[in-house]
């Protein structure tokens, strides 16, 4: 395949990743066709929330979904806040689904969310015969790593996003220890809209 020189467009937006906790156990215990059906239910639930909040589902990969806010109609003052709100609604939407799965299949599941705000490059990668639209940059990588670190029922986000939340004065957040990403020079400051059990343990440290 002949390489094609990519043409990119830079945009400032919020990136959200969400993925399933308990997916490995589902795959081990259930047939592939049943897992595919459950993934379809998960995709539909979180995708509906993304669209309702004005975002775009950009990619599906296994048990993970990548969404973007502000790429088409940028609103820099609120994209991160919108993405965090979307993450909370995803968690609320998935809770009855996860409870139903546990009753029927005996596997505990949940979802974790990561959000970062910054500049991305929007482009098509590939060759003349195989091309794929994608977003690349440090913003995407950080959001994916935050999602991987998030516990079930938790939204993790960067300092850039926390600043928007603080300016809106609308949500309690907890500052977490700095997060070092493999291969990245400096650690990043991270925050969370916590899972209820973490909030109860950390009430003295919660800032509004």
Full-extension gain in nm, residue 123 to residue 56, via 0.36 nm per residue minus C-alpha separation: 22.6 nm
Rounded FRET efficiency, nearest 0.05, which uses the C-beta distance separating residue 103 from residue 186 and R0 of 41 Å: 0.35
Cβ-derived FRET efficiency at R0 30 Å, residue 167 paired with residue 92, nearest 0.05: 0.80
Where a label projected 7 Å from the Cα of residue 43 along Cα→Cβ would reach, residues of region 60-100 with amide N under 13 Å: 60-66
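Since every read-out is calculated from the coordinates, none of them should be taken as a lab result. For clarity, every value in this text was computed on a predicted model and none was experimentally measured. Cβ: placed from backbone, ideal geometry, glycine included. Neighbour counts: every protein chain shown.
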